[in-house]
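S.K.: So that we are looking at the same thing, I have put the structure below in structure tokens.
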Amino acid sequence: MKKLTARFHKLFGKSDNLRGFFCPGRVNLIGEHIDYLGGLVLPAAISLGITAVIRKNDSREINIFSSDFDELTTLNLDSLPRKKQSHWSDFILGVVLHLQTNGISISGCDIHISSTLPKASGLSSSAALEVLCFYMFSKIESGLEPNRIQMALDCQKIENEFIGVKCGIMDQYAVANGKKSAAILLNCNSLENEIVPLKLNDYSILLVNSNKSRELATSAYNLRIKECSESLDIIRSHRDISNLVDALDEDLNLIDSPILRKRTRHAFTENEHVKEAVKSLKLSDLNSFGKLMHASHLSLQNDFEVSCPELNHIVEALTTEPTCLGARMTGAGFGGCCVALVETESMDEVSQKLASTYTETFGFAPSFYQCIPSDGVHEIAL
Ligand code: GLA
């Protein structure tokens, strides 16, 4: 923290009244691409995340320095743009506009932001920045903790309407409500949730970043949402059903398009994977949990078609390792990260072996992180 405050002082000048905030990223253990279909998901907040140091500055300007982009930008509170600017500060602008619209006046301030989350890696760096700013501005202006569930819903709305990505609630919910050493079982339809302790004994959660860029991810993501809504309409024209995850095997006969049939099958099989996975975790049956991770990946690869050769290589290579119980892509896909359950002692060896076959195949290297389930957004001591 000393380094961070020193950097802040160098940029914005010295003073004592600095405050610090941290928002984690998230990994989704299972339940992929079904949050926007009213399904069950099992994400955990992780120890990688975004840190902000902030101080009010008695002006009408919010000055933000991002150490990742190595750039200082200013939002003028008297002339805020109403639309996104296709700039990293859009997430902050979206939050400021949303809070102002909801009657929270924001003061001028200086902010230093730095992140340990790899960008565009499927670990929710956008949700982390939105929730971090929402929480920080709310606490600084009112002194009170915002309601964490409402904050997640508001940040999802900002992402949907201001940023234009039609994401579900999982990411914002997870980074706002994460709990140390646990995952969250979230019903994305009712928002009912349960904290599921992660007792992994000799195993750890390994994150493997494919480092594959994800240019097409947003358009493909929005296309999946459209396909799923078409599938739901078809089933609804025959019977009453609330969400695509409630479809049954026999409903597939109602759908002519092979693509829509596959999307539908992913929705309800993945929802079952989550139910089974939570049962296995509660019984400390990590072997079964690992098998379900693999089944989830195959469904994403073959039925939902959101994987890519790089992610498939990682999953296939890890699956042949005797010390890996299961692996799958995590997040939106088309690049980004895989999550795997690997014996802690063999993590280095497994990673090195994978790095070498992966680099040989694709010409660039993956990155590895040990994932530690952590608390959601919070204030930190500086
Ligand atoms: C992205 C979205 C989430 C979710 C995942 C896929 O991370 O932001 O809402 O849909 O993809 O499970």
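The values are calculated or read from the model by the stated rules, or taken from the named source; none is laboratory data. Since the structure is predicted, the reported quantities are computational estimates derived from the model, not experimental observations. As a convention, Cβ positions derive from the backbone with ideal geometry for all residues, glycine included, and neighbour counts pool all protein chains shown. These area figures cover heavy atoms from the full protein model, side chains too; ligands, DNA and RNA do not enter into them. Shrake-Rupley method; radii C 1.70, N 1.55, O 1.52, S 1.80 Å.
S.K.: Note down the net charge around residue 324, summing +1 for each Lys or Arg and -1 for each Asp or Glu among other residues with Cβ under 15 Å from its Cβ.
M.R.: With Lys, Arg at +1 and Asp, Glu at -1, the neighbours total -4.
S.K.: I would also like to ask the following. I'd like the accessible area for residue 207, computed on protein heavy atoms only with a 1.4 Å probe and all protein chains in place. Round to 10 Å², please.
M.R.: 0 Å²
S.K.: Check the straight Cα-Cα distances from residue 180 and name the lysines below 21 Å, setting aside those fewer than 8 residues away within the same chain.
M.R.: Excluding near neighbours in sequence, the set is 199, 279, 282.
S.K.: Explain nothing, just compute: Karplus ³J(HN,Hα) = 6.51 cos²θ - 1.76 cosθ + 1.60, θ = phi - 60°, for every residue of the range 330-339 in order, whole Hz, x for Gly and Pro.
M.R.: Ordered by residue, 3J(HN,Hα) equals 10, x, 5, x, 6, x, x, 10, 10, 10 Hz.
S.K.: Now a separate question. Which residue, 213, 15, 66, has the most motion in a Gaussian network model of the chain that connects Cα atoms within less than 10 Å?
M.R.: Highest fluctuation of the listed residues: 15.
S.K.: A further question on this structure: Measure up 84/139; 179/212; 2/56; 56/83; 119/275 against 21 Å on the Cα-Cα distance and list the ones that go over.
M.R.: 84/139; 179/212; 56/83; 119/275
S.K.: What does the charge add up to near residue 108, with Lys and Arg as +1, Asp and Glu as -1, over the other residues with Cβ less than 13 Å from its Cβ?
M.R.: Neighbour charge sum, excluding residue 108 itself: -2.
S.K.: Could you tell me the center-to-center distance, by alpha carbons, between the range 88-161 and the range 206-239 in angstrom?
M.R.: What the calculation gives is 25 Å, centre to centre.
S.K.: Can you sort 166, 83, 10, 139 by solvent-accessible area, 1.4 Å probe, largest first?
M.R.: 10, 83, 166, 139
S.K.: Sticking with this structure for a sec: Around residue 48, which amide H atoms from residues at least 5 apart in sequence, or from another chain, sit under 5 Å from its own amide H, with H modelled in the peptide plane?
M.R.: Those lying under 5 Å, H to H, from residue 48 are 25, 372.
S.K.: Next question. Among 60, 26, 224, which one shows the highest mean-square fluctuation when the chain is modelled as a Gaussian network with alpha-carbon springs under 10 Å?
M.R.: 60
S.K.: Can you give the FRET efficiency to the nearest 0.05 for residue 365 and residue 240, using r as the Cβ-Cβ distance and R₀ = 45 Å?
M.R.: Given R0 = 45 Å and the Cβ-Cβ separation, E is 0.30.
S.K.: Per-residue counts of other Cβ atoms within 10 Å, averaged by peptide: what ranking do you get for 117-127, 277-287, 360-370, highest first?
M.R.: 117-127, 277-287, 360-370
S.K.: What distance in nm separates the two pseudo spin-label positions at residue 201 and residue 114, each 7 Å out from Cα along the beta-carbon direction?
M.R.: Here the modelled spin labels are 4.0 nm apart.
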